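The values are calculated or read from the model by the stated rules, or taken from the named source; none is laboratory data. Every value quoted in this text rests on a predicted model; they were computed, and no experiment measured them. FYI the Cβ positions are ideal-geometry reconstructions off the backbone, even for glycines, and counts take in every protein chain you see. Note: accessible area is taken over every heavy atom of the protein model, side chains too, but ligands, DNA and RNA are not part of it. Shrake-Rupley method; radii C 1.70, N 1.55, O 1.52, S 1.80 Å.
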Amino acid sequence: MDKLVNLGDLTKQELEEFVENLGQPKYRGRQIFKWVQKGAESFDGMTDQNKALRSLLKDRAKIYLPEIAEKFVSKIDGTIKYLLKLEDGNYIESVVMRYKHGNTICISSQVGCRMGCKFCASTIGGLVRNLSCHEMAGQIIRASKDMGERISNIVIMGIGEPLDNYENILNFFKIVNDPDGLNIGLRHITLSTCGLVDRIYRLADEKLPITLAISLHAANDGLRKTIMPIANKYSIDELIKACFYYVKATNRRITFEYALISGVNDDIKDAIELSNLLDGLLCHVNLIPVNPINEADFKASSKERIEKFVKYLESNNIPVTVRRKLGSDIDASCGQLRKRREEVNS
Ligand code: SAH
């Protein structure tokens with residue numbers, strides 16, 4: 001027998017084609033798409049579908065939502081962190097942040113990561129595999145179902161490098177954007193990348209109104225190479241050129257993420273280099289006091305140094321914010337929970 005198709009991997013159009021191939025009318029595909037995106041976990045629950053079709057579906061297809069293995073809720077700000085178990089036993093993490101303007105979910109795009117950034121917990125065991133569309137959308141569907149609330153914003157900043165899982169990410173956008181599904185506007189989606197330059201050009205040409213965030217973390221190649229291996233493949237010059245192209249193609253402001261690491265990249269000379277680099281680019285800088293991990297000896301910059309850094313950028317008219325730390329009591333930044341779980345299981 002053929003492998004069962006996971007219906008959560010199909011866009012509405014693909015699902016319509018799928019049911020047509022089963023000799024069913026197209027509108028059935030739309031109805032089933034709605035069920036899947038609402039978080040149906042069995043075909044029997046699809047009460048508007050006749051028995052014959054339901055049994056046909058059971059033969060050909062399946063649905064699977066990631067299971068909640070652990071859940072932590074911050075007493076400080078209500079941030080929720082999920083450790084989710086996938087069908088094959090792998091674990092990923094998602095975090096829901098509660099803002100006045102709605103709930104934002106931070107999702108994972110891969111099991112592990114092969115980018116090797118020195119300060120990041122997600123990459124320590126390397127890449128296991130890409131997440132499929134149903135596993136990316138499934139993080140949102142599962143969390144929303146668990147909370148009984150709508151999630152209106154997505155940031156792809158969890159475990160993994162989303163542009164290393166390019167085709168699935170593009171289909172994922174179509175699925176979550178569908179008015180019959182989660183109906184999340186592309187403007188409410190941020191994709192964060194360590195800077196895969198060739199993929200940034202491709203993404204620019206798709207002309208999607210998503211927000212692109214670039215993990216820069218250093219303003220010269222020498223320093224960047226010491227903390228981010230991707231800098232050996234693409235120079236900062238090439239990266240910034242791709243960013244100018246992206247802004248021209250999409251008219252969207254780019255966010256630069258810059259983790260401030262004490263004594264590494266937080267000097268005023270780094271701020272000067274950074275502001276020279278971003279001169280003339282439609283952008284915004286998001287400074288993140290680095291979150292220390294056990295495997296590396298990085299410490300967050302002091303308040304004073306952060307303030308000086310911010311002031312310098314501001315004096316050069318670069319919009320800058322310091323990321324507010326949410327869920328500090330539940331260790332809400334990604335990668336560490338999964339790692340701990342893998343260690344216990346091995
Ligand atoms: N691979 C993508 C998305 C996942 S990481 C990327 O590189 O952008 C999401 C963000 O968290 C990135 O900016 C990453 O550099 C940052 N990050 C990872 N580990 C961190 C840590 N220990 N402290 C602060 N930021 C970290």
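Taking GluC sites (Glu not before Pro) across the range 90-183, the ones in a DSSP loop with at most 13 further Cβ atoms lying within 10 angstrom of their Cβ are 149.
Simple point charges give the picture: +1 on the Cβ of Lys and Arg, -1 on the Cβ of Asp and Glu, and for the chain a dipole about the Cα centre of about 620 debye. Taking every protein chain into account, the accessible area of the range 67-345 amounts to 43 square angstrom per residue (probe 1.4 Å).
Just the protein heavy atoms count here, and of the accessible area of the chain at 1.4 Å, carbon and sulfur take up 49 percent.
Compute the FRET efficiency between residue 321 and residue 299 as 1/(1 + (r/R0)^6), taking r as their Cβ-Cβ distance and R0 = 30 Å, and round to the nearest 0.05.
Working from the Cβ atoms, E equals 0.90.
Let a ≥ b ≥ c be the square roots of the eigenvalues of the Cα gyration tensor of the range 5-62; is it rounded (a/c under 1.5), or, if not, prolate (a/b larger than b/c) or oblate? Rounded, since a/c falls under 1.5. Counting only residues at least eight positions apart within a chain, or on another chain, the aspartates and glutamates with an alpha carbon under 13 Å from that of residue 248 are 205, 206. Cross-link pairs exceeding 27 Å between alpha carbons, from the set 12/207; 85/299; 38/174; 118/233: 85/299. The range 113-166 and the range 242-310 have Cα centres spaced 22 Å apart. Using a Cα-Cα cut-off of under 23 Å, which lysines could be cross-linked to residue 75, ignoring same-chain neighbours fewer than 8 residues away? Those lysines meeting the cut-off are 100, 145, 325.
Amide H contacts for residue 128 (H built 1.01 Å from N in the peptide plane; partners 5 or more residues away or on another chain; cut-off under 5 Å): 111, 112, 113. Mean sequence separation of contacting Cα pairs (under 8 Å, at least six apart), scaled by the length of the chain, corresponds to a relative contact order of 15 percent.
Looking at the range 5-62, the accessible area is 51 square angstrom per residue; that uses a 1.4 Å probe and ignores ligands, DNA and RNA.
What does the highest-first list of 220-229, 70-79, 105-114 look like by mean Cβ count within 10 Å?
The peptides rank, most packed first, as 105-114, 220-229, 70-79.
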